Amino acid sequence: MIITGLLTKMVTELDNPIHYYLNFEEEIISVNQLLNKNIKVKFNHCQCLECENYVEIFAMGFCKKCYFSSPHTGEWVVRPELSKAHLGEEDRNLNYESKAQLQPHVVYLANTGGIKVGVTRKSQIPTRWIDQGAEYAIPLAETENRYEAGLIEVALKEKISDKTNYRKMLQSEASFFDLEKKKNELKDNIPNFLQKYYLEESELIHLKYPIVQYPLKITSVNLKKVPEFEGKLIGIKGQYWLFENHLAFNIRSHEGFAIDIEF
């Protein structure tokens with residue numbers, strides 16, 4: 001069976017384990033049902049998720065022109081402390097930025113093979129943690145907007161990383177870290193005027209992924225360099241497909257790529 005579709009990040013459903021879906025225009029594929037099956041992926045063409053033109057993807061599923069003009073890819077997306085909607089200042093589109101930034105945000109700790117700090121909209125919990133491949137996560141602070149959350153994250157980054165080691169995350173279950181204890185230790189690093197947002201009590205979340213076995217090593221697949229590959233699917237974690245032949249395919253980094261999937 002061959003199905004052609006345009007890749008966007010997998011839709012996830014909180015379950016034990018997490019359930020993953022590919023949302024193609026004419027087909028929804030349950031990725032969990034492909035576990036232990038041989039899959040062949042072939043690059044077809046690129047299509048920008050913004051302008052929908054058949055052009056080369058620059059980043060995040062966008063062509064170069066759209067990446068530097070779309071409100072969906074403003075610098076504040078990856079650097080929340082640069083948010084300006086609370087000041088009424090526009091970056092690219094104030095209407096969109098106000099909706100995205102002026103809502104409750106959560107600063108959290110996650111175990112993705114190591115402890116990291118991050119920021120997400122409250123409405124994106126636990127989706128954000130699943131997309132990062134976190135096995136454990138705990139809210140640390142809840143703010144009124146994205147800017148405030150960004151300031152807390154910047155302060156905490158002096159003590160803890162905001163990055164995920166994707167190889168470590170994909171090769172084994174996460175080693176145990178006491179996130180609740182770490183959360184309490186970091187409280188004093190929050191600036192005084194933001195201490196009111198610290199969560200004295202919050203729930204530790206445990207997430208389980210559909211993994212048949214972890215690969216011994218990781219070889220990342222880039223469809224720009226290798227337009228066709230195949231292998232037996234042995235796991236799904238974060239936004240990655242893991243194969244028995246050590247290949248790891250990052251769906252998120254291939255948004256805007258139309259592919260043919262044969263299984």
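General remarks:
- GNM top mover of PHE24, PHE193, PHE243 - the chain, alpha-carbon springs below 10 Å: PHE193
- Zone of ASN44's modelled label, taken as backbone nitrogen in region 12-27 under 18 Å from a point 7 Å along Cα→Cβ: 21-27
- Translational diffusion of the chain, estimated by Stokes-Einstein from the Kirkwood radius over alpha carbon pairs at 10 °C in a medium of 1.306 mPa s, is 81 µm² per second.
- Karplus-derived 3J(HN,Hα), 6.51/-1.76/1.60, for each residue of region 234-240, Hz, glycine and proline x: 10, x, 9, 8, x, 10, 10
- The calculated 222 nm mean residue ellipticity attributable to helices in the chain amounts to -4000 deg cm²/dmol, summing -39500 (n - 2.57) over DSSP H runs of n ≥ 4 and dividing by all residues.
- Annotation: for a label point projected 7 angstrom from Cα along Cα→Cβ of LYS232, residues of region 209-223 with backbone N closer than 12 Å are 212-213.
- Projecting label points 7 angstrom from Cα along Cα→Cβ for ARG121 and LYS159 puts them 2.9 nm apart.
- 20 °C / 1.002 mPa s Stokes-Einstein diffusion coefficient of region 153-263, Kirkwood radius on C-alpha pairs, µm²/s: 126 µm²/s
- Temperature 25 °C, viscosity 0.890 mPa s: under these conditions the Stokes-Einstein estimate for region 102-206, based on its Kirkwood radius over C-alpha pairs, is 181 µm² per second.
- Each residue of region 198-204 is assigned a 3J(HN,Hα), and the resulting list reads 5, 9, 5, 10, 8, 8, 7 Hz, derived from the Karplus form 6.51 cos²θ - 1.76 cosθ + 1.60 (θ = phi - 60°), x at Gly and Pro.
- Reachable aspartates and glutamates from LYS65, criterion Cα separation under 20 angstrom, eight or more residues apart if same chain: GLU50, GLU52, GLU56, GLU75, GLU90, ASP91, GLU97, GLU255
- About the centre of its Cα atoms, region 80-211 shows a dipole size close to 360 debye [charges on the beta carbon of Lys, Arg (+1) and Asp, Glu (-1) only; nearest 20 debye].
- Residue among ALA248, ALA149, ALA59 with the largest mean-square fluctuation in a Gaussian network model of the chain, springs linking Cα atoms under 10 Å: ALA59
- Between the alpha-carbon centres of region 171-226 and region 133-160 there is a gap of 11 Å.
- From phi via Karplus (6.51, -1.76, 1.60), per-residue ³J(HN,Hα) for region 76-90 in Hz, x at Gly/Pro: 5, 5, 9, 10, x, 5, 8, 4, 10, 4, 5, 9, x, 9, 8
- Ordering ASP188, ASP162 by the number of other Cβ atoms within 10 Å of each residue's own Cβ, fewest first, gives ASP188, ASP162.
- Principal axis extents of the Cα atoms in region 1-145, from largest to smallest and rounded to whole angstrom, are 52, 38, 25.
- Residues PHE193 and ASN245, FRET efficiency given R0 of 51 Å [Cβ-Cβ distance, rounded to 0.05]: 0.45
- Per-residue Cβ neighbour rank within 10 angstrom, fewest leading, CYS51, CYS66: CYS51, CYS66
All of the numbers you see were taken from the coordinates with simple rules; none came from a lab. Note that the structure is predicted; figures quoted are calculated from it, not measured. Ideal geometry is used to build each Cβ from the backbone, glycine not excepted, and the neighbour counts take in all protein chains shown.
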